[in-house]
Amino acid sequence: MEKIFTIKNIIMYLISINLITLSAMYIDKYKAKSNKRRIPEKTLFTLVFLGGGIGGIAGMYMFRHKTKKIRFIIGFPTILILEVIVAIAIYLTK
């Protein structure tokens, strides 16, 4: 049986979730400018929690979106750092 959690699959997942998160930040910024129904903040945090931290942080600064909200300025990088620490810990225990 083929392994699912290969380095290649993990990298493909991380690229995908970060592109999705970056896109969500762009869409939410566009909707904010257009006075349309927005993407809930909980959804943006969920995407970051699922591995989209780099895309979320990049989207914040590329689109100047959510950069005045402390929970985003601190939250996105904190989640990313914690995920990196967990990934390193898992790697080192193998």
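The values are calculated or read from the model by the stated rules, or taken from the named source; none is laboratory data. Keep in mind it's a predicted model, so treat the numbers as computed, not measured. Reconstructed Cβ throughout: ideal geometry from the backbone, glycine too, with neighbour counts over all protein chains shown. Side chains are part of the model used for accessible areas, which takes the heavy atoms of the whole protein and leaves out ligands, DNA and RNA. Shrake-Rupley method; radii C 1.70, N 1.55, O 1.52, S 1.80 Å.
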**OP:** Among the residues of the range 58-71, write down those that are surrounded by 15 or more Cβ atoms within 10 Å (Cβ to Cβ), closer than 26 Å to residue 11 by Cβ and out of contact with any Ser or Thr (no Cβ under 9 Å at 6 or more places or on another chain).
**Re:** 63
Subject >> Any pair with Cβ under 7 angstrom, 6 or more apart, that starts in the range 1-16 at a residue that is under 18 Å from residue 47 (Cα atoms) and of a type outside the set (Gly, Ala, Ser) and ends at one that is in a helix (DSSP H, G or I) and modelled with pLDDT of 95 or more >> reply: 13/51; 14/51
Subject >> Residues that are among the β-branched types (Val, Ile, Thr), part of a helix (DSSP H, G or I) and farther than 19 Å from residue 79 by Cα, drawn from the range 4-25 >> reply: 7
Original post:
Could you say which residue among 48, 84 is in contact with a Ser or Thr (Cβ under 9 Å, 6 or more places away or on another chain) and surrounded by 11 or more Cβ atoms within 10 Å (Cβ to Cβ)?
Top reply: 48
Original post:
Restricting the first residue to the range 53-71 and requiring it to be closer than 12 Å to residue 24 by Cβ and part of a helix (DSSP H, G or I), which pairs with a second residue that is among the hydroxyl-bearing types (Ser, Thr, Tyr) and open to solvent by 50 Å² or more (accessible area, probe 1.4 Å) meet a Cβ separation below 9 Å and a spacing of at least six or different chains?
Top reply: 55/23; 59/23; 59/26
Original post:
What are the residues in the range 23-39 that are open to solvent by 40 Å² or more (accessible area, probe 1.4 Å) and touching a helix residue (DSSP H, G or I) at 6+ places or on another chain (Cβ under 9 Å), if any?
Top reply: 23, 26, 29, 36, 37, 38
**OP:** State which residue pairs qualify: first residue closer than 17 Å to residue 73 by Cα and inside the range 26-41, second residue in a helix (DSSP H, G or I) and open to solvent by less than 50 Å² (accessible area, probe 1.4 Å) in any location, beta carbons under 7 Å apart, and separation of 6 or more residues or different chains.
**Re:** 26/59; 28/44
